[in-house]
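Working notes, structure below.
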Amino acid sequence: MSAAWIPVLGLGVCLLLLLEPVGSEGAVPIAITCSTRGLDIRKEKVDVLCPGGCPLEEFSVFGNIVYASVSSICGAAVHRGVISHSGGPVRVYSLPGRENYSSVDANGIQSQTLSRWSASFTVTKGKSGTQEATGLSVSTARPPTGKRQKKTPEKKTGNKDCKADIAFLIDGSFNIGQRRFNLQKNFVGKVALMLGIGTEGPHVGLVQASEHPKIEFYLKNFTSAKDVLFAIKEVGFRGGNSNTGKALKHTAQKFFTSDAGVRKGIPKVVVVFIDGWPSDDIEEAGIVAREFGVNVFIVSVAKPIPEELGMVQDVAFVDKAVCRSNGFFSYHMPSWFGTTKYVKPLVQKLCSHEQMMCSKTCYNSVNIAFLIDGSSSVGDSNFRLMLEFVSNIAKAFEISDIGAKIAAVQFTYDQRTEFSFTDYNTKENVLAVIRNIRYMSGGTATGDAISFTVRNVFGPMRDSPNKNFLVIVTDGQSYDDVRGPAAAAHDAAK
């Protein structure tokens, strides 16, 4: 019996498998990869062969018993108990799409929820065959003489100059309504398309904010723009209050995890869309997000009208939610109509990695003590310049009870703690105290001042998760030894 070459699509890779003619009784199962999805095999009924030893991260599964076609076939088979992790034959049946796919933990796999998908499948035990399955996406079979084997296309790597893990947090509240919600999805789709999504480029996911937040899909679920656009289109409107702060916290804590597809060393970004105003506290949520190393962008649309301003908890919520109110992390569009011209500028911001400096490693995870020279040689006017310099540095940080902390010590031959790390937890209070520091005047003993600060200011903070920095502002040479205390300070910080 002659063989036929049949192309099978698996994760964008064309597999050439040596099979017997369709309809023959002795047909063997089609060998697929760990991550081949239901939508990659467009048949009403087909027998496939899953490889063994698949990594769990390749099992993206949505639903239970009936699975969204975007799910991994082998992952669904293990989830349902049709096969074990050692692989085996599986029979796949195509089914219509559903409104909801439930999340169930079974056989070591946690499936995910999904709201609406256009097609489904289910799995049962398949027919055994002689075809050997592997985790590779290329067959070792040779084509018959005179037939050229098709070239295996490469997966799209995406825009390598824009590596970022991005969550789009869309507004699904009654504030926006169904019509503007659809326009919002259209805009997000255009942004996703221009980003250049790919295996080596940006990865994106989607979260909907409403009464209760819902993660629509994760970073790991799709690595092509086509699949992302389709997934965005399928998202349904939820309604309810615009609890954007609650959704932002949920995104920071539950979305950006290694299990959900976060990559090491890649900037984490959440783009928050707000139509009108949030119903809850978004400033605190922004601080929490930065504690989790997430850069927060706010895209505000259609500012509240005068009659609605009384419902807004804080008119300046945008500037307070982002890490720096310099305009880079905030973006305003007057309406959802004619938004095409806003796509490229937003994409350029999201790809400007050198300005992504809002994570916990930067503006809100440090303890900074300023050691200020108050000796006679400085003089009152220069001392005021020193205080202005210290204030300008402090302004750049997110000072809070869970963020950056500032302390100040003035020294001559003596030392005076102007305020410690735990005295003030708002930027306004810290800046006010710095402005009112009184000039001491006297000699210069920098070494003693370093030892004093390490012992009395940093000592009580030894269990703090923040990194410690000592900034010395002085005008000249000390009368005592500086190297010894400085070395001891370095050792104490280890």
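Name the single residue, out of those in the stretch 115-148 being modelled with pLDDT of 50 or more and among the basic types (Lys, Arg), that is farthest from the chain's Cα centre (by Cα). Looking at the filtered set, the residue picked out is 127. Scanning the stretch 247-254 finds one or more residues that are touching a Lys or Arg at 6+ places or on another chain (Cβ under 9 Å) and more than 19 Å from residue 173 (Cβ to Cβ). Scanning the stretch 412-422 for residues that are outside any strand (DSSP E or B) and surrounded by fewer than 17 Cβ atoms within 10 Å (Cβ to Cβ) turns up 413, 414, 422.
Filtering the stretch 101-123 to residues that are over 10 Å from residue 80 (Cα atoms), among the polar types (S, T, N, Q) and touching a Leu at 6+ places or on another chain (Cβ under 8 Å) leaves only 120. Can residue 309 be described as aliphatic (A, V, I, L, M), modelled with pLDDT of 90 or more, part of a helix (DSSP H, G or I) and not assigned by TED's automatic domain parsing to the domain that holds residue 427? No. Among the residues of the stretch 94-103, write down those that are farther than 24 Å from residue 28 by Cα and either without any contact (Cβ under 8 Å) to a residue 12 or more places away in the chain or surrounded by 15 or more Cβ atoms within 10 Å (Cβ to Cβ) (or both). Within the stretch 94-103, 98, 101 qualify.
For residue 286, the conditions (1) surrounded by 19 or more Cβ atoms within 10 Å (Cβ to Cβ); (2) modelled with pLDDT of 90 or more all hold with the exception of (2). One residue is enough: does the stretch 167-176 have a residue meeting the conditions hydroxyl-bearing (Ser, Thr, Tyr), in contact (Cβ under 8 Å) with a residue 60 or more places away in the chain and touching a strand residue (DSSP E or B) at 6+ places or on another chain (Cβ under 6 Å)? Scanning the stretch 167-176, I find no residue that is hydroxyl-bearing (Ser, Thr, Tyr), in contact (Cβ under 8 Å) with a residue 60 or more places away in the chain and touching a strand residue (DSSP E or B) at 6+ places or on another chain (Cβ under 6 Å), so the answer is no. Only one of the listed residues (88, 53) is modelled with pLDDT under 90 and over 25 Å from residue 234 (Cβ atoms). That residue is 53. Of the residues making up the stretch 255-265, those that are on the phi < 0 side of the Ramachandran plot and either at pLDDT below 85 or small (Gly, Ala, Ser) (or both) are 258, 260, 264.
For the stretch 196-222, the set of residues classified as in contact with a Pro (Cβ under 9 Å, 6 or more places away or on another chain) and either among the aliphatic types (A, V, I, L, M) or not assigned by TED's automatic domain parsing to the domain that holds residue 170 (or both) consists of 207, 209, listed by residue number. Being of a type outside the set (A, V, I, L, M, F, W, C), more than 16 Å from residue 474 (Cα to Cα) and in contact with a helix residue (DSSP H, G or I) (Cβ under 7 Å, 6 or more places away or on another chain) is the requirement here; does residue 428 meet it? Spelling it out, it is not the case that residue 428 is of a type outside the set (A, V, I, L, M, F, W, C), more than 16 Å from residue 474 (Cα to Cα) and in contact with a helix residue (DSSP H, G or I) (Cβ under 7 Å, 6 or more places away or on another chain). Condition check for residue 112 on (1) within 30 Å of residue 238 (Cα to Cα); (2) among the polar types (S, T, N, Q); (3) modelled with pLDDT of 90 or more: one failure, at (3).
Residue by residue, here is whether (1) under 25 Å from the mean Cα position of the chain (by Cα); (2) surrounded by 14 or more Cβ atoms within 10 Å (Cβ to Cβ); (3) not assigned by TED's automatic domain parsing to the domain that holds residue 34 holds:
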{"position": "58", "(1), (2), (3)": "yes, yes, no"}
{"position": "70", "(1), (2), (3)": "yes, yes, no"}
{"position": "73", "(1), (2), (3)": "no, yes, no"}
{"position": "76", "(1), (2), (3)": "no, yes, no"}
{"position": "79", "(1), (2), (3)": "no, yes, no"}
{"position": "87", "(1), (2), (3)": "no, yes, no"}
{"position": "92", "(1), (2), (3)": "no, yes, no"}
{"position": "105", "(1), (2), (3)": "yes, no, no"}
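Among residues of the stretch 243-257 being touching a Gly at 6+ places or on another chain (Cβ under 8 Å) and not in a loop (DSSP other than H, G, I, E, B), the one that is nearest to residue 114 (Cα to Cα) is 255. When residue 230 is tested against (1) within 20 Å of residue 68 (Cα to Cα); (2) among the aromatic types (Phe, Trp, Tyr); (3) assigned to a loop (DSSP other than H, G, I, E, B), exactly one condition is not met: (3). Among the residues examined, residue 240 does not qualify as assigned to a loop (DSSP other than H, G, I, E, B), free of Cβ contacts under 8 Å to residues at least 40 places away in the same chain and at positive phi. Screening residue 469 with (1) under 34 Å from the mean Cα position of the chain (by Cα); (2) part of a loop (DSSP other than H, G, I, E, B); (3) of a type outside the set (D, E, K, R) gives one miss only, at (2).
Rundown of residues vs (1) modelled with pLDDT under 95; (2) assigned to a loop (DSSP other than H, G, I, E, B); (3) touching a helix residue (DSSP H, G or I) at 6+ places or on another chain (Cβ under 7 Å); (4) buried (at least 21 other Cβ atoms within 10 Å of the Cβ), yes/no style:
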{"position": "362", "(1), (2), (3), (4)": "yes, yes, no, no"}
{"position": "369", "(1), (2), (3), (4)": "no, no, yes, yes"}
{"position": "383", "(1), (2), (3), (4)": "no, no, no, yes"}
{"position": "401", "(1), (2), (3), (4)": "yes, yes, no, no"}
{"position": "410", "(1), (2), (3), (4)": "no, no, no, yes"}
{"position": "424", "(1), (2), (3), (4)": "yes, yes, yes, no"}
{"position": "433", "(1), (2), (3), (4)": "no, no, no, no"}
{"position": "450", "(1), (2), (3), (4)": "no, no, yes, yes"}
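Report, by residue number, each residue of the stretch 26-53 that is under 31 Å from the mean Cα position of the chain (by Cα), small (Gly, Ala, Ser) and buried (at least 19 other Cβ atoms within 10 Å of the Cβ). Within the stretch 26-53, 35, 38 meet the criteria.
The values are calculated or read from the model by the stated rules, or taken from the named source; none is laboratory data. Keep in mind that this is a model prediction, so the values were computed, not measured. Here the Cβ is made from the backbone with ideal geometry for all residues, glycine too, and neighbour counts use every protein chain on show.
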